[in-house]
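A.B. asks: Dropping a structure here in structure tokens format, bear with me for questions.
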Amino acid sequence: MKIRSGRFTGKIDKTDPGIEIIKNGHTQEAEPIYRFFNSGLHSFYVEVVDKDNVTQKFTVEKNDSVDVFIKSSTDLNIACAVIKTESQSKVDLEGIYDCFIGSTKVRSGRFNMTVPDAAKAVTLVGNKANQGNVIYRVFNSGKENQTSFKVDTDSPTNNTGVDLKLGNSFDIVVDKNLTIKAAANDDKLKGIYELLGEENRVRPGRFRSKGTHTTELKIIETKKGTNKKKWYRIYNSGREGSVIEVTERKQGSHVIVAEVGSGQTRDLPIGRGAIYVRSADATTPIKGIYEFLGITEK
């Protein structure tokens, strides 16, 4: 049965206590993931408080979303997720939120923003604490005149990450935060992100590259997950005669783990590591689709 999204509205300023969304009371070990979408005209932030009274804030601009892992306790006197604003004057706030539980269908996360300061990371997923195999897929769905951006799970202040180009996607295990960073000030970034799971079927990942045989394109990274096998299917949707080499980086060099001819697929597992794709020759561009199949113990 489809569950309708949660909704909230309110007119508040920074002095108000905010709009309570989630009360404490759950005691399960799993951390529920909530997705908050700003459907109004003004930015707001989600303030989350865990059982140790540690507070974090996650800003959501209009038409953007953020995923937050909710840590709670049995203390019913504390709200563990509250919508607030930094505005000095009263503003109308409006939003939608969903919770990932079981096979509940949740709309894709999305962002469409101009980033004034390229040195500042934008959080898409926050507050994750426990190590595990929480995998997200990020798409760069910008227009041709827009730019690439970096995707990372380390500290938002680190200048690291994978460069995600237009039309491509990237899968990554999240251990704490999932952030994006612009390449330059005032860059326009547009994209979609999905939580992957065996019960949460989402659009396939995509890749394309005009690079050469020596240019590897990273499409999957699971270095921060567990040793359980994450299974993927890779499809070569490129031109006839093209061959995609699928590689892993081991001891400083790339090792071929599969070759995929045009119109063909290959299934392969990955534990802790990263998967790259490249053209088998020096001139043929590549294009493909990949799907997450599930996780096994071995």
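A.B. asks: If residue 268 satisfies all but one of (1) under 23 Å from residue 140 (Cβ atoms); (2) surrounded by 16 or more Cβ atoms within 10 Å (Cβ to Cβ), what's the number of the condition it fails?
C.D. replies: (1)
A.B. asks: Same structure, new question: For region 26-137, give me every one of the strands (runs of 3 or more DSSP E) that falls completely inside it and has 1 or more residues that are at pLDDT below 95 and over 25 Å from residue 148 (Cβ atoms).
C.D. replies: Fully inside region 26-137 and qualifying: 33-38, 44-49, 55-60, 65-69, 79-84, 91-100.
A.B. asks: Looking at this structure, is residue 172 closer than 18 Å to residue 124 by Cβ, part of a strand (DSSP E or B), among the hydrophobic types (A, V, I, L, M, F, W, C) and free of Cβ contacts under 8 Å to residues at least 60 places away in the same chain?
C.D. replies: yes
A.B. asks: Is it fair to say residue 253 is hydroxyl-bearing (Ser, Thr, Tyr) and more than 25 Å from the chain's Cα centre (by Cα)?
C.D. replies: Spelling it out, residue 253 is indeed hydroxyl-bearing (Ser, Thr, Tyr) and more than 25 Å from the chain's Cα centre (by Cα).
A.B. asks: Can you tell me which residue is nearest to residue 83 (Cα to Cα) among those in region 1-22 that are in contact (Cβ under 8 Å) with a residue 24 or more places away in the chain and of a type in the set (A, V, I, L, M)?
C.D. replies: 19
A.B. asks: Just the residues that are surrounded by 17 or more Cβ atoms within 10 Å (Cβ to Cβ) and of a type in the set (Ser, Thr, Tyr), please, taken from region 174-225.
C.D. replies: 179, 193, 209, 222, listed by residue number.
A.B. asks: Looking for whichever is farther than 14 Å from residue 133 by Cα, without any contact (Cβ under 8 Å) to a residue 12 or more places away in the chain and either of a type outside the set (Lys, Arg) or surrounded by fewer than 19 Cβ atoms within 10 Å (Cβ to Cβ) (or both) here; the options are 261, 252. Which one fits?
C.D. replies: Only one candidate passes the filter, namely 252.
The values are calculated or read from the model by the stated rules, or taken from the named source; none is laboratory data. Since we're looking at a predicted model, the values are computed, not measured. Cβ: placed from backbone, ideal geometry, glycine included. Neighbour counts: every protein chain shown.
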